[in-house]
Amino acid sequence: MRTLLALHPQGVRRQTLALRAVLALVLLFAGGVAWADPLAGVVIVVIDGDTVLFKPDHYGAASRAFMKVRLTGIDAPEANQPHGGAATRSLKAMTLKRHASLEIVATDTYGRKLGRLSVGTLQVNAELVKRGYAWAYGSIPRRGTSARSGSESFGASSRGPDVSLRELQREAQRARRGVWQDANPTPPWVWRRAQAAFAY
């Protein structure tokens, strides 16, 4: 059979294409496994209430390399927004210069890694929502409901928040923690749109 394949150019071409396809699949699945494992490292900078610079341990002590990470599933107030400074301080208190574990789930259009951050047993993304310093991402109340209401109905979103994050947000609202001290806090996505419109 090999003799026939060697003599027939199409047989060789097919064999080469098949080997390339198998190699591509192996590399694809091997790459997926590598990202599934959490990374151990240190938070070296807290940029704002939901963004950090993370240095994985495997980069080495002398390395200046780091990852910009946006905490997934949450949206914290912007730095120039009411409670933005408090959200940043809360994230710093939990993570800055501490050894942490990062589970990367995606990369956004800005090249930032999207991930879940843990310090010991503390789930940082969830803790920010629990403290009232972040909204569960995608938790936009349906028209006609108040953002302060404890029984709001969240609009459907293809990238809606985790059920436990929504419950933590409701708990923070009921307890009037963080941003929920205000009667009607402005969500960060609304604030950003207003700031962008004002800039023009």
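So which residues in the range 169-200 are among the aromatic types (Phe, Trp, Tyr) and either assigned to a helix (DSSP H, G or I) or surrounded by 14 or more Cβ atoms within 10 Å (Cβ to Cβ) (or both)?
Step one: list which residues in the range 169-200 are among the aromatic types (Phe, Trp, Tyr), which gives 180, 189, 191, 198, 200.
Scanning the range 169-200 gives 180, 189, 191, 198.
Suppose we filter 15, 81 for residues that are at pLDDT 75 or above and surrounded by 10 or more Cβ atoms within 10 Å (Cβ to Cβ); which single one remains? Step through it out loud before you land on a result.
Details: 15 fails: at pLDDT 75 or above.
The conditions single out 81.
Of all residues in the range 113-125, how many are surrounded by fewer than 20 Cβ atoms within 10 Å (Cβ to Cβ), of a type in the set (Gly, Ala, Ser) and under 13 Å from the mean Cα position of the chain (by Cα)?
Matching residues across the range 113-125 total 1.
Right, residue 48: under 30 Å from residue 193 (Cα atoms), acidic (Asp, Glu) and touching a Leu at 6+ places or on another chain (Cβ under 9 Å) or not? So that I can check it myself, show each step before the final result.
Numbers: under 30 Å from residue 193 (Cα atoms): yes; acidic (Asp, Glu): yes; touching a Leu at 6+ places or on another chain (Cβ under 9 Å): yes.
So residue 48 passes the test.
Please specify each residue of the range 84-98 satisfying the condition of being within 13 Å of residue 55 (Cα to Cα) and either modelled with pLDDT under 95 or out of contact with any strand residue (DSSP E or B) (no Cβ under 6 Å at 6 or more places or on another chain) (or both). Step through it out loud before you land on a result.
Going residue by residue through the range 84-98, those that are within 13 Å of residue 55 (Cα to Cα) are 95-98.
97 - this is the single residue of the range 84-98 that is within 13 Å of residue 55 (Cα to Cα) and either modelled with pLDDT under 95 or out of contact with any strand residue (DSSP E or B) (no Cβ under 6 Å at 6 or more places or on another chain) (or both).
The values are calculated or read from the model by the stated rules, or taken from the named source; none is laboratory data. All values reported here derive from a predicted model rather than from experimental measurement. Virtual Cβ from ideal backbone geometry, glycine too; neighbours counted across all protein chains shown.
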